[in-house]
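A short write-up of the structure that comes next.
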Amino acid sequence: MRKLVSIVIPAYNEADNIRNIFTNIHSVFSTLPYNWEVIFVDDGSKDETLVTVKELANKYNNAYFLEFSKNFGHQLAVKAGLDNAYGDCVISLDCDAQHPPEIIPEMLQKWEEGFDIVYTIREEDKRLSKAKRSSSNLFYKLVNSLSDIELEAGTADFRLMDRKVVNVFRNFHETEPFLRGLTKWLGFKQYGIRYEPAERFAGTSKYSFKKMVRLALHGVTSFSIKPLYTAVYVGLIMSLLSLLYIPYVVYAFYNHIEVSGWASIIITIVFFGGLQLIMLGIIGIYVGKMFMQTKNRPNYIIRSTNLKDQS
Ligand code: UDP
Ligand code: MG
């Protein structure tokens with residue numbers, strides 16, 4: 001019997017991309033000896049995304065949709081797809097054709113060779129704006145230096161996972177999963193494929209600067225408590241440095257020039273005030289995460305779907 005490949009596509013306001021990506025995948029699989037299905041996860045879109053997906057689902061019996069009750073974000077959309085896909089392997093990719101389906105055959109080949117996770121590494125895209133490129137590089141540097149996992153720059157949420165990996169993922173109930181890090185952390189036999197990103201087919205990027213900063217902070221705080229240690233180290237260094245100030249204070253006192261210290265006092269207060277706020281913020285993120293996690297809410301809510309098996 002042919003193996004089943006499930007493809008999970010998160011979509012947030014991507015009405016103009018749906019048909020295109022489905023057609024692309026269709027043509028890739030026309031020459032491959034696999035059964036395949038596509039699961040679109042509509043992440044609370046406000047445009048015609050769901051209507052378009054439903055049209056596809058009426059026409060093709062291997063097109064499925066999961067409709068979220070509101071926007072839960074890209075990572076949870078992928079997670080929901082994984083939770084509901086029953087293929088022998090599951091591939092996740094973006095809706096906008098920036099993750100070229102053309103490399104799917106190569107991914108499947110590596111899977112057949114025995115790799116459990118085939119992830120992809122994006123070659124630097126010369127067309128992207130300098131700001132996006134350097135913020136992306138900074139993102140990986142930050143995650144790597146502040147956490148205990150090692151991500152290659154350009155690792156995207158474009159990957160193939162074997163059934164057994166997907167099953168492990170089902171037991172993860174993190175309120176805001178950071179999938180790139182989690183997959184790396186899982187272990188298993190992994191293989192990385194490099195690819196040239198394509199241009200976005202239609203629409204604009206749904207990752208605003210705010211969402212990117214959020215993802216970066218999540219990437220770091222989901223994987224280690226190193227930043228909390230940093231707080232202690234920075235605090236220690238600063239206290240030691242401030243000791244150096246004592247001889248000056250004594251000198252100033254004996255020479256009656258102590259009033260002139262006003263500027264340095266203000267600078268110190270502002271500097272330490274800022275530092276404390278940053279560190280409090282970091283601690284706050286961790287406390288917040290614990291708070292969210294202890295409430296044990298479902299991570300996402302499905303409003304409707306045409307998938308039969310929902311257990
Ligand atoms: N996406 C989503 N929910 C969101 C934001 C994005 O499901 O809140 C989807 C989006 O539709 C796309 C993928 O995540 O399929 C990646 O988003 P995008 O292409 O905008 O990110 P970029 O490639 O610019 O980093
Ligand atoms: Mg994109």
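Along the charge dipole of region 1-151, which of 111, 10, 140 sits closest to the positive end, that is, farthest toward it, with unit charges on the beta carbon of Lys, Arg, Asp and Glu (+1, +1, -1, -1)?
Ranked along the dipole, the leading option is 140.
On each of the three principal axes of the Cα atoms of the chain, give max minus min coordinate, whole Å, ordered largest first.
Sorted largest first, the three principal extents are 91, 38, 36 Å.
Gap in Å between the Cα centre of region 222-244 and the Cα centre of region 94-170?
Centre-to-centre distance over Cα atoms comes out at 33 Å.
Counting other C-beta atoms within 10 Å, and keeping those with at most 13, which DSSP coil trypsin sites (Lys or Arg not before Pro) do you find in region 204-291?
none
Any idea what angle helix 15-29 forms with the longest principal axis of the chain, computed on alpha-carbon atoms, 0 to 90 degrees, nearest 10?
60
Quick check for me: using +1 on Lys/Arg Cβ and -1 on Asp/Glu Cβ, what's the dipole size of the chain about its Cα centre, in debye to the nearest 20?
My answer is approximately 440 debye.
Quick check for you: with a 1.4 Å probe and neighbouring chains kept, what is the accessible area per residue of region 129-217, in Å²? Present the calculation step by step, with values, prior to reporting the outcome.
On the way: 4800 Å² over 89 residues.
I get 54 Å² per residue for this part.
Which whole-number percentage describes the relative contact order of region 111-264, with Cα contacts under 8 Å and a sequence gap of 6 or more?
32
Taking the Cα atoms only, what angle lies between the long axis of helix 49-59 and the longest principal axis of the chain, rounded to 10 degrees?
So the helix axis and the longest Cα principal axis differ by about 20 degrees.
Tell me whether region 166-219 comes out rounded, prolate or oblate; compute the Cα gyration tensor, take square roots of the eigenvalues as a ≥ b ≥ c, and use a/c under 1.5 as the rounded threshold. Could you put the intermediate results ahead of the total?
Values: a/c = 2.25, a/b = 1.31, b/c = 1.71.
Verdict is oblate for region 166-219.
Hey, got the dipole for region 78-207? About the Cα centre, +1 on K and R Cβ, -1 on D and E Cβ, debye to the nearest 20?
Details: 19 positive and 21 negative charges, 82 e Å.
Result for region 78-207 is approximately 400 debye, rounded to the nearest 20.
With point charges of +1 on the Cβ of Lys and Arg and -1 on the Cβ of Asp and Glu, referenced to the Cα centre of region 9-132, which listed residue (32, 89, 65) lies farthest in the positive direction of the dipole?
65
Find how much the distance from residue 171 to residue 278 grows on full extension, using 0.36 nm per residue of separation minus their present alpha carbon separation; answer in nm with one decimal.
So the extension gain works out to 35.2 nm.
Would you work out what percent of the accessible area of the chain, with all protein chains in place, is carbon or sulfur (probe 1.4 Å)?
Solvent-exposed carbon and sulfur of the chain make up 63 percent of the total.
The values are calculated or read from the model by the stated rules, or taken from the named source; none is laboratory data. A quick note: this is a predicted structure, and the numbers were derived from the prediction, not measured. Quick reminder, even Gly has a Cβ in these numbers, built from the backbone with ideal geometry, and neighbours come from all protein chains shown. Protein only, heavy atoms only, side chains kept; ligands, DNA and RNA dropped before computing areas. Shrake-Rupley method; radii C 1.70, N 1.55, O 1.52, S 1.80 Å.
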